1. Test of understanding: among 271, 259, which residue is in a helix (DSSP H, G or I), in contact (Cβ under 8 Å) with a residue 60 or more places away in the chain and in contact with a strand residue (DSSP E or B) (Cβ under 9 Å, 6 or more places away or on another chain)?
2. Would it be correct to say that residue 349 is assigned by TED's automatic domain parsing to the domain that holds residue 432, modelled with pLDDT under 90 and touching a helix residue (DSSP H, G or I) at 6+ places or on another chain (Cβ under 9 Å)?
3. Could you list all residues from the stretch 172-198 that are assigned to a helix (DSSP H, G or I), modelled with pLDDT of 95 or more and closer than 23 Å to residue 60 by Cβ?
4. Of all residues in the stretch 31-54, which are out of contact with any strand residue (DSSP E or B) (no Cβ under 8 Å at 6 or more places or on another chain) and assigned to a helix (DSSP H, G or I)?
5. Would you check if there is a residue in the stretch 111-123 being within 20 Å of residue 30 (Cβ to Cβ), in contact with a helix residue (DSSP H, G or I) (Cβ under 8 Å, 6 or more places away or on another chain) and at pLDDT 85 or above?
6. How many residues are touching a helix residue (DSSP H, G or I) at 6+ places or on another chain (Cβ under 7 Å) and part of a strand (DSSP E or B) if we restrict to the stretch 246-256?
7. Taking the options 68, 78, 95, name whichever one is more than 15 Å from residue 28 (Cβ to Cβ), in contact with a helix residue (DSSP H, G or I) (Cβ under 6 Å, 6 or more places away or on another chain) and either modelled with pLDDT under 90 or in the same structural domain as residue 44 (by TED's automatic domain parsing) (or both).
8. Here's a check for you: in the stretch 13-30, which residue that is in contact with a strand residue (DSSP E or B) (Cβ under 9 Å, 6 or more places away or on another chain) and not in a loop (DSSP other than H, G, I, E, B) is surrounded by the fewest Cβ atoms within 10 Å (Cβ to Cβ)?
């Protein structure tokens, strides 16, 4: 009869297509019981599964035993004829730089090392040794901390090229496997330190829960699988019901009604999904999601909420935008307009050429004509206090008032270049020419074509109908 670890590993790998025939599997090996079990089990199954196995070890340089652990894994792999890849990381220094905990920094550096190694050697999968007890601990930790369905899904069997073939194997089954097969491993003394939350849960709480239900790991695995399925379905529904979403580099936006018209269960989920289009690792708290929802429902036409990871939620009239702070370009340095030629500034590209002004409606927001003196010197600059423009058939109005009426978000008003001819505003991007600088049909004129390289807003205003 096949050993229980091999049987469970083989079945989970089959269910989730973890081990494509002919592929190279890079195994993350710390030297501890779990990773040594995984490495040996995959070696045992490599011929039947038609895979090749390699090992990777990252020395975190945190413990006095780190050098010995590295040497242990290196020597064992050499004895088995396994390709071995090793890296080193100063986790403590990185944690200090990032302002994060040691565990978070170690995890980030470890996965970065594994991904880099896999890419270099052409590995199709990265296998980590998370097992059923890890899954149970993760689910309970997320529950204690107040997670939703996403957290209750615990550890996914597959995430990208990362696979967890031991997720249905219990810790005791791993210990039995190592003993029966005579596989050595190293011990990490910090695993017994109950000042760490996970260790406290492992050594103090889970044994009591297992006394109530000896099949606890299996039941929690089944629950996590169901939670992941339900979570994926609700995500799909939320995205479908959100409708049209505009996504740009470091910004995503949609009409507030697309969120407020949904049931809370989907609107709050939709807000989380929007945030993760900017940063896949960003997980909003329930309080943050509720605050964004309340911002959308507010009678106030504008407002903002600071979210984690440098993301800000902006409400501008009837539209919600989530923006990474670095994407807010603000003002820009003035640039001379090339006549004729192409000028790029503040996310816009302007093409100017000498033409004959056509008949009909020729003053459009993105293609307009200017009557200018010989050898004109036009400067493209941000708006200034007191700037005014008189659009055709309209009264003169300050640019500030014009932009407010057009519902252009405050943070973007300084990104629309003003066409300045020796101190006079002759045109404004997205609005067209001042009537004093309009040519007559048949006159020689300059045609200006404006192309947005990024369009970081949307408006339903008739004065800005080309903004979307």
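The values are calculated or read from the model by the stated rules, or taken from the named source; none is laboratory data. As the structure is a prediction and not an experimental result, all values here were calculated from the model. Positions of Cβ are backbone-derived with ideal geometry, glycine not excepted, and every protein chain shown enters the neighbour counts.
1. On the way: 271 fails: in contact (Cβ under 8 Å) with a residue 60 or more places away in the chain.
259 is the lone residue from the list that is in a helix (DSSP H, G or I), in contact (Cβ under 8 Å) with a residue 60 or more places away in the chain and in contact with a strand residue (DSSP E or B) (Cβ under 9 Å, 6 or more places away or on another chain).
2. No: the conditions fail for residue 349.
3. Passing the criteria: 174, 178.
4. In the first step, residues of the stretch 31-54 are kept if they are out of contact with any strand residue (DSSP E or B) (no Cβ under 8 Å at 6 or more places or on another chain); the result is 32-34, 36-37, 40-41, 44-45, 47-50.
33, 34, 36, 37, 40, 41, 44, 45, 47, 48, 49 - these are the residues of the stretch 31-54 that are out of contact with any strand residue (DSSP E or B) (no Cβ under 8 Å at 6 or more places or on another chain) and assigned to a helix (DSSP H, G or I).
5. yes
6. The number of residues fulfilling the criteria is 4.
7. Working: 68 fails: in contact with a helix residue (DSSP H, G or I) (Cβ under 6 Å, 6 or more places away or on another chain); 78 fails: in contact with a helix residue (DSSP H, G or I) (Cβ under 6 Å, 6 or more places away or on another chain).
After applying the criteria, what remains is 95.
8. 24
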